[in-house]
C-alpha cells in the first residue's frame, strides 16, 4: 500500500483541573478529554527519494520543521531508519489556536498513518511512548475517545464513552496562547476544582445531565478575564438551550452540550447572527476510533 488517509479528530475537555506547577516548569493536570466529530484529514504517500514533504491547505500553516506533523514524521523516520520518503497532505478544518488539540491530533494521525504505511508494527502503547516527545496531548490523541489524563497529560485511562448528544462548537475571532494562559494561572490559589470523580461516575452511568452539570475548566480563570468574548459565548449558549457550556483547553473555543440537533442548530444560527464567533459547528462525540 503506497497511500493512506487518516482522520485527525479534535478534542474538548469535559473537565480540566491543574493540580500544581512542577519544578521542571510543567503543570500537573487532571483532565477528562473527549474526541468530537470535527476532524482534519491527512493523506500519506510513499515517494522514492528520502525526505519529508508536507503540504497544507492553509497559507498561514507552514509545512516546515516547526509543524508538529513534520516533527512527528521526522521522529519516526529517525527512530526507525525509514529509507523511503513520505509526502503528506494536510486538509485543515479544526480551528487553529483554539484549545482543541488541532496540532496534537494531526501529529497523532502521523504516528498512526506512517506506522501503517511503512509496516512498522508498533503498538498503541509504543506509539504513545514515542509521541509524548512531540507534545503532552499527542498520546491522548493517538488513543482518542473518552479518557482521564493525568501527569502532564500523558498518563491515560480509558473511560466509558460520552452518551449521545449534540455539541455546538464556537471559536471567536481571537487566538489564545496556551503558554500565556499557563504562565498566568496561579494553581496554588485556586479555590474551585472540577468534580472529576463525579464526572467519571456520570460517564459510567451514561448520565448526560450529570455530565453537563459537572463540566468545569480552571483555565477559564485566566482566559475569560483576558478575553470576555469567551464568557459571552458561554452565556449565549446557556440562554439558548444548552445543558451546559464550557471553554475547551486554554481557549478560546467554547462548546455547548445539547440534547437535540434542532436546539444546537438553532443556537448556532443565533451565535452566527450575533457575530459572537467566527467559526461555528454542530457535531457529536466520537467514542471509537474511525
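Please treat every number below as a calculation from the coordinates, not as lab data. In this text the structure is predicted, and so the values were computed from the model without any measurement. Every residue, glycine among them, receives a Cβ derived from its backbone with ideal geometry; neighbour counts consider all protein chains shown.
Some notes on this structure:
- Flag if residue 244 is more than 22 Å from the chain's Cα centre (by Cα), more than 16 Å from residue 38 (Cβ to Cβ) and free of Cβ contacts under 8 Å to residues at least 40 places away in the same chain: no
- Of the strands (runs of 3 or more DSSP E) lying entirely inside region 135-237, the ones with 1 or more residues being in contact (Cβ under 8 Å) with a residue 12 or more places away in the chain and over 30 Å from residue 72 (Cα atoms) are found at 166-171.
- Residues located in region 100-118, provided they are in a loop (DSSP other than H, G, I, E, B) and within 16 Å of residue 75 (Cα to Cα): 118
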